[in-house]
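Just below is one structure, and these are the notes that go with it.
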Amino acid sequence: MIPFLNYDSPRDLRQFLESRKLGMRKMYGQNFLINGDARRRLLDALEAGRGDAVWEIGPGIGAMTAGLLERGALVTAFEIDRGFCAVLREFFGAYPGFTLIEGDALKTWPESREAGDYLFGNLPYNAGAALLADFIERKKYFKRMVVTVQKEVARRMAAKPGSKDYSSFSLLCASSYRVTLLPVLKGASFYPEPRVDSQGVRLDLVPGGEAVPYPGCFFPLVRRLFSSRRKTLRNTLKTFIEESGVRAAAGASAREIAEEALASAGINGGERPERFGAGELGALAGALERLLGTGNRRGG
Ligand code: SAM
């Protein structure tokens, strides 16, 4: 089943691509993981086995796909590059456990009806973070995700409140997952060799799917608060309420609503947003929705 291709050899990969008249495209973040040990460790971290439904993002020409299928997983692979898709069909098309979804995963996944309990992928640098954020915001939860992203992105995903890497993306990840950093992968682990380092990240879904049941305005609120991270929570919260346009309907000023929401969530509005975790900001979002009646119009 495994294609007769040495995924660890840049020379073999180059020759294979040339024979198919395929090139590596930077715009799609195409860097193959040519470190067999690293691929095995990432597969181990996913802990998906026989019969488990795995979504793989950006399979390329199948270095990790082969490993997933070898372990008996049912793989739905999302790949944007038409040339790579032709190779994937050739290599794995005959396997009942393999489904290929061609196109931009950001557009194709919401339409996909394929089961996906696990997510795996050496994600493209350009679209990786956006894709993960999209899954979380649209509440497409996986039991476990194991991804490789740029090292700096990995650090942001795992950052804790108050640290310099803490961002709205950290909060997004922490809102539903326990995040564990896996080893750093130097540029030399990839072909072609990128100038930046990568890092594996494992995300385990917290029991119940959400750390707290987040109201619709949670994600827009978090994003707004961190877009002005030097301002106090109170000031940005007030602006957020004003921008939402719901203030008049609630019959109180934005400042009054902000103060009441802060008091109800037990949060000191004089602090900066980066001090707070997902639980606290979730409580703030909940208080805000209660005060604004039907919920924030930007919520979703
Ligand atoms: N999985 C292979 C490996 O580890 O060797 C390739 C990983 S490479 C970093 C990223 C892959 O994602 C490429 O195959 C690229 O074509 C694909 N890709 C990039 N943007 C994509 C998108 N928006 N949707 C689906 N696939 C995408």
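All of the numbers you see were taken from the coordinates with simple rules; none came from a lab. Just so it is clear, the structure is predicted and the values come from calculations on it, not from any experiment. Cβ sites come from the backbone with ideal geometry, for glycine too, and all protein chains shown count toward neighbours.
Overall, the anisotropy analysis places the range 1-119 in the oblate class: the square-rooted eigenvalues a ≥ b ≥ c of its C-alpha gyration tensor yield a/c not less than 1.5, with a/b not exceeding b/c. D by Stokes-Einstein for the chain, Kirkwood Rh over Cα pairs, 4 °C, 1.567 mPa s: 63 µm²/s. Diagonalising the gyration tensor over the Cα atoms of the range 90-206 and scaling each eigenvalue by 5 before taking the square root yields semi-axes of 25, 19, 12 Å, largest first. Can you check what the Kirkwood hydrodynamic radius comes to for the range 44-112, Cα pairs only, in Å to one decimal? 11.9 Å is the Kirkwood radius here. Relative to the longest principal axis of the Cα atoms of the chain, the long axis of helix 82-92 lies at roughly 60 degrees. Helix 218-227 and the long axis of the chain differ in direction by around 90°, with both axes built from C-alpha atoms. Based on the Stokes-Einstein relation at 25 °C and a viscosity of 0.890 mPa s, and on the Kirkwood radius from alpha carbon pairs, the range 218-292 is assigned a translational diffusion coefficient of 206 µm²/s.
Checking every one of the GluC sites (Glu not before Pro) in the range 1-60 against DSSP loop status and a limit of 15 other Cβ atoms within 10 Å picks out Glu47.
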